[in-house]
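Notes for the one structure printed next.
The values are calculated or read from the model by the stated rules, or taken from the named source; none is laboratory data. The structure displayed is predicted, hence computed values, not measured ones. Ideal geometry is used to build each Cβ from the backbone, glycine not excepted, and the neighbour counts take in all protein chains shown.
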Amino acid sequence: MSAEAAAAALRAGGLVILPTETVYGLAADAANASAVARLYEAKGRPRFNPLIAHVADLDAARAVAELGSLGERLAARFWPGPLTLVAPHRAGVSALARAGLETVAVRAPAHRIAQAVLRAFGGPLVAPSANRSGRPSPTTYADAVEETGASAALALDGGPCAIGLESTVVSVLDGVARLLRPGGLSRAEIEAVTGPLADAATDAKRSPGRLALHYAPDAPVRLNARAPRPGEAFLAYGPAPAGERVFQLSEGRDLREAAARLFALLRAADRTRPTAIAVSPIPMEGLGEAINDRLRRAAGFVG
Ligand code: AMP
Ligand code: MG
């Protein structure tokens with residue numbers, strides 16, 4: 001399936017399942033309000049939760065948003081890659097996709113297929129994770145097609161996602177870097193450029209749509225578990241006794257590996273129909289901040 005065919009489907013107002021380096025996205029023409037409405041519908045996503053506009057590069061982002069010198073610096077350092085910037089909207093993204101805000105979230109993904117489709121399409125695409133709202137994000141082609149394939153005109157297979165967590169969202173409004181959502185780019189990497197990030201992860205006003213229950217499998221999730229109880233599936237981090245319902249996030253305690261496996265293993269654990277999914281403690285350093293954020297939300301906690 002070619003990038004040209006995907007671009008044609010998008011121009012016709014259709015939805016396209018698209019691999020990125022973070023998770024699989026369900027893409028629509030950001031400027032086309034009825035395509036965007038179809039996308040919210042397909043995901044069952046609340047309309048107060050704005051979407052990320054994906055662009056090919058910094059030049060394309062400049063048409064969409066006023067990045068300012070802070071945004072320009074971050075984009076120059078980290079794009080293409082798993083960083084989303086929130087800045088004043090300039091043009092090209094429908095009000096519906098922005099949930100009525102004057103600001104817009106924008107990112108240039110690194111994945112070669114996402115890049116090819118963006119270049120063939122020639123404008124911004126909104127592309128939230130290709131799951132039904134509230135469910136774990138798909139990080140494989142099969143999981144994406146299972147979630148939203150029925151609503152997509154076309155689905156592109158890019159293999160498993162290299163990062164496996166959604167992008168880190170940073171607001172650069174008023175020239176201040178604020179962390180709105182931890183993600184696939186660690187806080188330390190960003191702070192090396194910006195200095196200490198102001199933390200706005202729990203400020204609902206600045207970060208709409210951060211729901212308490214999100215990324216959730218069907219089974220309840222039990223955090224900081226040392227071992228599974230009878231009937232539970234277990235997501236281990238570090239050496240653990242093997243078992244039918246034991247899934248290894250990373251035996252060698254590598255946070256990148258755990259991030260890449262997290263959502264696929266939540267789904268695999270869920271398929272065993274356990275009484276709960278118990279998850280090992282994950283350290284808070286590096287990508288651990290984003291992994292713990294997703295796990296707390298999968299468990300129904302924010303905090
Ligand atoms: P998702 O598409 O599910 O990965 O979520 C996109 C994330 O970006 C959500 O956390 C949104 O709240 C956030 N976001 C999108 N647009 C804006 C915006 N204009 N201001 C603040 N946060 C935004
Ligand atoms: Mg999502």
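Any residue at all in the range 43-60 that is aliphatic (A, V, I, L, M), touching a helix residue (DSSP H, G or I) at 6+ places or on another chain (Cβ under 6 Å) and within 28 Å of R267 (Cα to Cα)? Talk me through it step by step, then tell me what you get.
Residues of the range 43-60 aliphatic (A, V, I, L, M): 51-53, 55-56, 58, 60.
From what is left, the residues that are touching a helix residue (DSSP H, G or I) at 6+ places or on another chain (Cβ under 6 Å) are 53, 55-56, 58.
Filter again for within 28 Å of R267 (Cα to Cα), leaving 53.
Scanning the range 43-60 turns up at least one residue that is aliphatic (A, V, I, L, M), touching a helix residue (DSSP H, G or I) at 6+ places or on another chain (Cβ under 6 Å) and within 28 Å of R267 (Cα to Cα).
What is the number of the single condition among (1) within 13 Å of ligand 1 (Cβ to nearest atom); (2) at negative phi that G100 does not meet?
(2)
Can you tell me how many residues in the range 4-34 are surrounded by fewer than 24 Cβ atoms within 10 Å (Cβ to Cβ) and away from ligand 1 (no atom under 15 Å from the Cβ)?
Residues of the range 4-34 surrounded by fewer than 24 Cβ atoms within 10 Å (Cβ to Cβ): 4-5, 7-9, 11-14, 21, 31-34.
Checking the rest, the ones that are also away from ligand 1 (no atom under 15 Å from the Cβ) come to 4-5, 7-9, 11-14, 31-34.
Residues in the range 4-34 being surrounded by fewer than 24 Cβ atoms within 10 Å (Cβ to Cβ) and away from ligand 1 (no atom under 15 Å from the Cβ): 13 in total.
Of all residues being out of contact with any His (no Cβ under 6 Å at 6 or more places or on another chain) and not hydroxyl-bearing (S, T, Y) in the range 123-133, which is farthest from ligand 1 (Cβ to nearest atom)? Just the residue, please.
First, pick out the residues of the range 123-133 that are out of contact with any His (no Cβ under 6 Å at 6 or more places or on another chain): 123-124, 126, 128-133.
Restricting the remaining residues to those that are not hydroxyl-bearing (S, T, Y) gives 123-124, 126, 128, 130-132.
Numbers: G123: 18, P124: 13, V126: 8, P128: 3, A130: 10, N131: 9, R132: 12 Å.
Result: G123.
Please determine, by comparing only the residues of the range 264-287 that are crowded, with 20+ Cβ neighbours inside 10 Å and in a helix (DSSP H, G or I), which one is nearest to the chain's Cα centre (by Cα).
Of the range 264-287, the ones crowded, with 20+ Cβ neighbours inside 10 Å are 264-267, 269, 274, 277-280, 282, 287.
Add one more test, that the residue is in a helix (DSSP H, G or I), and what stays is 264-267, 269.
Details: A264: 14, L265: 16, L266: 15, R267: 16, A269: 20 Å.
This residue is A264.
Could you please give the count of residues in the range 178-193 that are more than 16 Å from ligand 2 (Cβ to nearest atom), more than 17 Å from E72 (Cα to Cα) and not aliphatic (A, V, I, L, M)?
Within the range 178-193, residues that are more than 16 Å from ligand 2 (Cβ to nearest atom), more than 17 Å from E72 (Cα to Cα) and not aliphatic (A, V, I, L, M) number 2.
Examine the range 110-124 for a residue that is crowded, with 21+ Cβ neighbours inside 10 Å and within 16 Å of ligand 2 (Cβ to nearest atom), and state whether such a residue exists.
yes
Is it the case that the range 65-88 has a residue that's within 18 Å of the chain's Cα centre (by Cα), aliphatic (A, V, I, L, M), away from ligand 1 (no atom under 14 Å from the Cβ) and farther than 15 Å from V170 by Cβ?
No, there is no match, as no residue in the range 65-88 is within 18 Å of the chain's Cα centre (by Cα), aliphatic (A, V, I, L, M), away from ligand 1 (no atom under 14 Å from the Cβ) and farther than 15 Å from V170 by Cβ.
Inspect the range 58-80 for any residue being in contact (Cβ under 8 Å) with a residue 60 or more places away in the chain, of a type in the set (S, T, N, Q) and within 26 Å of G164 (Cβ to Cβ) and give the result as yes or no.
No, the range 58-80 contains no residue that is in contact (Cβ under 8 Å) with a residue 60 or more places away in the chain, of a type in the set (S, T, N, Q) and within 26 Å of G164 (Cβ to Cβ).
For the range 159-167, does any single residue satisfy the condition of being among the acidic types (D, E), part of a loop (DSSP other than H, G, I, E, B) and under 24 Å from A298 (Cβ atoms)? Before you say what the answer is, go through the steps one by one.
Pass one, the range 159-167, residues among the acidic types (D, E): 166.
With part of a loop (DSSP other than H, G, I, E, B) added as a condition, the list becomes 166.
Pick out the ones that are also under 24 Å from A298 (Cβ atoms) and you get 166.
Yes, the range 159-167 contains a residue that is among the acidic types (D, E), part of a loop (DSSP other than H, G, I, E, B) and under 24 Å from A298 (Cβ atoms).
So, in the range 125-152, of the ones that are assigned to a loop (DSSP other than H, G, I, E, B) and of a type in the set (G, A, S), which residue ends up farthest from ligand 2 (Cβ to nearest atom)?
Let us first name the residues in the range 125-152 that are assigned to a loop (DSSP other than H, G, I, E, B), namely 127-128, 130-140, 152.
Narrowing further to those that are of a type in the set (G, A, S): 127, 130, 133-134, 137, 152.
Working: A127: 10, A130: 9, S133: 8, G134: 9, S137: 5, A152: 16 Å.
My answer is A152.
Could you list, in sequence order, all residues of the range 44-86 that are away from ligand 2 (no atom under 16 Å from the Cβ), assigned to a loop (DSSP other than H, G, I, E, B) and either surrounded by fewer than 19 Cβ atoms within 10 Å (Cβ to Cβ) or among the charged types (D, E, K, R) (or both)?
D57, E66
Provide a single number: the residues in the range 153-177 that are touching a helix residue (DSSP H, G or I) at 6+ places or on another chain (Cβ under 6 Å) and either away from ligand 2 (no atom under 16 Å from the Cβ) or β-branched (V, I, T) (or both).
Step one: list which residues in the range 153-177 are touching a helix residue (DSSP H, G or I) at 6+ places or on another chain (Cβ under 6 Å), which gives 153-158, 164-165, 172, 175, 177.
Filter once more, keeping what is either away from ligand 2 (no atom under 16 Å from the Cβ) or β-branched (V, I, T) (or both): 153-158, 172, 175, 177.
Result for the range 153-177: 9.
I'm trying to understand the selection: among the residues of the range 1-43, which are in a helix (DSSP H, G or I) and over 20 Å from A95 (Cβ atoms)?
Of the range 1-43, the ones in a helix (DSSP H, G or I) are 3-11, 33-43.
Answer for the range 1-43, where residues must be in a helix (DSSP H, G or I) and over 20 Å from A95 (Cβ atoms): A3, E4, A5, A6, A7, A8, A9, R11.
So in the range 150-166, with the set limited to residues that are surrounded by fewer than 18 Cβ atoms within 10 Å (Cβ to Cβ) and farther than 20 Å from A116 by Cα, which one is nearest to ligand 1 (Cβ to nearest atom)?
S151
Yes or no: the range 288-298 includes at least one residue that is within 22 Å of the chain's Cα centre (by Cα), modelled with pLDDT of 95 or more, surrounded by fewer than 21 Cβ atoms within 10 Å (Cβ to Cβ) and not in a helix (DSSP H, G or I).
no
Under 7 Å by Cβ, and 6 or more places apart or on different chains, what pairs join a residue from the range 91-105 that is surrounded by fewer than 20 Cβ atoms within 10 Å (Cβ to Cβ) with one that is aromatic (F, W, Y) and assigned to a loop (DSSP other than H, G, I, E, B)?
Note: pairs meeting the criteria are A99/F48.
Within the range 128-186, track down each residue that is farther than 24 Å from A35 by Cβ, charged (D, E, K, R) and touching a residue at least 60 places away in the same chain (Cβ under 8 Å). Spell out the reasoning first.
Of the range 128-186, the ones farther than 24 Å from A35 by Cβ are 136, 139-140, 142, 159-160, 162-165, 168, 170-186.
Right, trim to charged (D, E, K, R) and you get 174, 178, 181.
Residue satisfying the conditions is R181 alone.
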